[in-house]
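The values are calculated or read from the model by the stated rules, or taken from the named source; none is laboratory data. Everything quoted here is computed from the prediction, not taken from an experiment. Cβ sites come from the backbone with ideal geometry, for glycine too, and all protein chains shown count toward neighbours.
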Amino acid sequence: MTADAERPRCGWAMSTPEYVAYHDDEWGARLHGEQALFERLSLEAFQSGLSWLIILRKRPAFRAAFDGFDIDAVAGYDDADVSRLLADAGIVRNRAKVAATIANAQAIRASVPEGLDALLWSFAPVNRPPSLTSADVPATSAESAAMAKELKRRGFRFVGPTTAYALMQATGMVNDHVPPCWRAAARR
């Protein structure tokens, strides 16, 4: 066992090597950039109703299928692209989620003049008290409900409060690492 393997982590992160790597390298780290945030928003929507592990294992295929989550490319997808995506066994082949990803790229270009980064981060809570146990970690928050409402108003799909909160956790808008996790000390 290496010293790295001995690090204390959030309980959910210890069941697979993929979860350990995601927890240690990504989950809860501040993420900025329109394309990176579009990818995370899209993957969170695809995860709805599924295990995050499925999405992590399919992420390389998602990136290939959706042109690296290039917003302009995805916004221009047509019926042939939808058919291509629905035939791609490497991704989650759900018509509503594929359509939502395309619609969300189009919504970014049509109704987010301030940029996706500025819009999403505008909902990051200020001075949020840390969760002390896994049981204290919420599934939604007032901020995630407000984010979801605003995104829907702008034409986004598959962006309910739970998906918005998962996005906030994944991108470091909130820090839900709990003691004794080594990343809990990195709280804002």
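Structural remarks
- Helices (runs of 4 or more DSSP H) enclosed by segment 1-73 - at least 1 residues per element that are basic (Lys, Arg) and touching a Cys at 6+ places or on another chain (Cβ under 6 Å): none
- Long-range neighbours under 6 Å by Cβ, at least six apart or interchain, first residue of a type in the set (D, E, K, R) and part of a helix (DSSP H, G or I) within segment 136-149, second at pLDDT 95 or above and surrounded by 14 or more Cβ atoms within 10 Å (Cβ to Cβ): GLU143/PHE123
- Residue that is farthest from PRO60 (Cα to Cα) [pool: residues in segment 88-114 that are in contact (Cβ under 8 Å) with a residue 60 or more places away in the chain and under 17 Å from the mean Cα position of the chain (by Cα)]: ILE108
- Residues in segment 150-177 that are among the aliphatic types (A, V, I, L, M) and in a loop (DSSP other than H, G, I, E, B): VAL159, MET173, VAL174.
- Exclusive hit being under 14 Å from the mean Cα position of the chain (by Cα) and either surrounded by fewer than 17 Cβ atoms within 10 Å (Cβ to Cβ) or among the hydroxyl-bearing types (Ser, Thr, Tyr) (or both), set GLU26, GLU39: GLU26
- Set ARG93, ARG109, ARG84: member being modelled with pLDDT of 95 or more and part of a loop (DSSP other than H, G, I, E, B): ARG93
- Residues (under 13 Å from ARG59 (Cα atoms) and of a type in the set (D, E, K, R)) located in segment 9-47: GLU18, GLU39, ARG40, GLU44
- Comparison of THR171, THR133, THR162, THR140 shows that the only residue that is out of contact with any helix residue (DSSP H, G or I) (no Cβ under 9 Å at 6 or more places or on another chain) and not basic (Lys, Arg) is THR133.
- Condition check for TRP182 on (1) among the aromatic types (Phe, Trp, Tyr); (2) assigned to a loop (DSSP other than H, G, I, E, B); (3) at pLDDT 95 or above: one failure, at (3).
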